[in-house]
Amino acid sequence: MKNNYFQHVFVTSSFAGLAKRMAVAGALSALLMPCTSNALPFAYVPNEKSGTISIIDCASDSVVGQIKAGTKPRGVAVSSDGNTLYVSDQPASALLVIDLKKREQIGSISLGESPEGVDISRAGDWVAAVSEITNSVSFISTVTNKKVFSVKTEGKNPEHATFSPDGKWLYVSAEEADSVDIVDVAKRRQVASVKLGLRPRGVAFSPDGSQAYIAAEMASMVYAVDVATQKVVAEIKPGNFSNGVTMSPDGGRVYISNGKDGTVSVIDAKSNAVIATIPVGKRPWNMAITPDGKKLYVANGRSNSVSVIDTASNTVSKEIAVGELPWGVAIR
């Protein structure tokens with residue numbers, strides 16, 4: 001009886017200790033796991049005429065706030081930690097620095113005249129902002145939020161600047177030169193230029209960095225450029241006045257906004273063929289896709305709205321009213 005008693009006490013104590021340890025482990029796991037309510041990110045939409053940034057909750061696809069951002073915000077990029085938004089303000093010739101937790105501007109960085117496209121490197125160390133009138137690209141350190149250097153581009157009227165996934169290259173579309181200028185980031189200078197069709201605009205890289213897709217608005221064409229050889233390897237006809245370019249995270253699809261048609265073309269990246277055309281709002285411009293690739297957000301400049309595209313069905317699931325003349329979308 002005595003032995004049974006001690007066995008009972010030992011087993012009971014062991015189970016109690018195990019239960020306590022499991023409860024502690026469960027609590028720690030709950031703390032370490034991401035909150036399901038934050039599973040989807042936020043989308044940030046610069047409204048040129050309103051001078052604001054609309055904040056869209058990608059879980060509910062509704063506007064949950066707005067931030068004052070100069071007088072004519074255009075290009076936008078979100079820091080890798082999601083805490084800072086960089087916005088080009090055209091009349092001020094400046095890059096605005098916005099604290100996304102406080103939802104207010106905390107700084108301003110002088111750029112060349114008439115800044116437009118903005119991008120941030122995958123590593124999160126550099127922000128690049130093009131200036132149309134001065135034909136230059138400014139490189140801003142995200143550590144100091146100060147301009148470190150600038151590169152003069154050969155092509156006139158640069159529109160967009162996009163980093164390659166490895167951060168080695170910056171592709172700059174030059175509207176008046178009908179070309180894309182290639183900047184070697186480490187060398188801090190332009191090293192090549194690739195001739196395209198009339199008025200190149202949006203640029204997007206494949207996830208492995210082997211190809212870049214550039215839309216030429218007046219040519220109504222999309223050009224696939226081989227990064228290694230710096231040559232055009234495919235010409236694709238989407239809709240009329242092709243403008244914005246976005247690549248799916250898995251590299252399987254390329255999305256092109258067609259300003260005149262009010263549509264988005266879906267290109268299969270393997271065949272370089274248009275496989276779907278999706279009606280959206282008026283004058284669709286720049287776009288962004290969620291990290292899981294399930295939703296594409298399209299800024300409709302003349303509809304003052306953002307179209308949300310379900311990429312599985314290639315249909316618009318929602319139209320979201322934003323400010324006046326939305327220029328694009330940034331998602332981190």
Among Ser121, Ser131, Ser173, Ser136, which is the only one that is open to solvent by 10 Å² or more (accessible area, probe 1.4 Å) and among the small types (Gly, Ala, Ser)?
Ser136
For segment 50-68, pairs from a residue that is on the phi > 0 side of the Ramachandran plot and assigned to a strand (DSSP E or B) to a residue that is of a type in the set (S, T, N, Q) and buried (at least 17 other Cβ atoms within 10 Å of the Cβ), with Cβ under 7 Å and 6 or more apart or across chains, are none
Taking Val76 as the residue in question, decide whether it is in a strand (DSSP E or B), β-branched (Val, Ile, Thr), closer than 17 Å to Asn300 by Cβ and open to solvent by 20 Å² or more (accessible area, probe 1.4 Å).
no
Residues that are open to solvent by 60 Å² or more (accessible area, probe 1.4 Å) and either at pLDDT below 95 or touching a Cys at 6+ places or on another chain (Cβ under 8 Å) (or both), drawn from segment 35-65:
Cys35, Thr36, Ser37, Asn38, Ala39, Phe42
Considering each residue of segment 250-259, count those that are open to solvent by 10 Å² or more (accessible area, probe 1.4 Å) and either more than 12 Å from Phe205 (Cβ to Cβ) or touching a residue at least 60 places away in the same chain (Cβ under 8 Å) (or both), and give that number.
4
Return only the number of the condition from (1) in contact with a strand residue (DSSP E or B) (Cβ under 6 Å, 6 or more places away or on another chain); (2) closer than 20 Å to Ala273 by Cα that Gly252 does not satisfy.
(1)
Residue check, Ser206 hydroxyl-bearing (Ser, Thr, Tyr) and within 21 Å of Ile120 (Cβ to Cβ)
yes
Looking at (1) outside any loop (DSSP other than H, G, I, E, B); (2) open to solvent by 40 Å² or more (accessible area, probe 1.4 Å); (3) not basic (Lys, Arg), which is the one condition that is false for Ser313?
(1)
Yes or no: segment 114-126 includes at least one residue that is free of Cβ contacts under 8 Å to residues at least 24 places away in the same chain and in a loop (DSSP other than H, G, I, E, B).
no
Is one or more of the residues making up segment 269-276 surrounded by 19 or more Cβ atoms within 10 Å (Cβ to Cβ), on the phi > 0 side of the Ramachandran plot and in contact with a strand residue (DSSP E or B) (Cβ under 9 Å, 6 or more places away or on another chain)?
no
If I filter segment 229-245 for residues that are in a loop (DSSP other than H, G, I, E, B), open to solvent by 10 Å² or more (accessible area, probe 1.4 Å), of a type in the set (Val, Ile, Thr) and at pLDDT 95 or above, do I get at least one hit?
yes
Of all residues in segment 79-113, how many are more than 14 Å from the chain's Cα centre (by Cα), in a loop (DSSP other than H, G, I, E, B) and under 25 Å from Arg201 (Cβ atoms)?
7
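The values are calculated or read from the model by the stated rules, or taken from the named source; none is laboratory data. Note that the coordinates shown come from a computational prediction; the quantities given were computed from them, not determined experimentally. Reconstructed Cβ throughout: ideal geometry from the backbone, glycine too, with neighbour counts over all protein chains shown. Quick note on the areas: whole protein, heavy atoms, side chains included, nothing else; ligands and nucleic acids left out. Shrake-Rupley method; radii C 1.70, N 1.55, O 1.52, S 1.80 Å.
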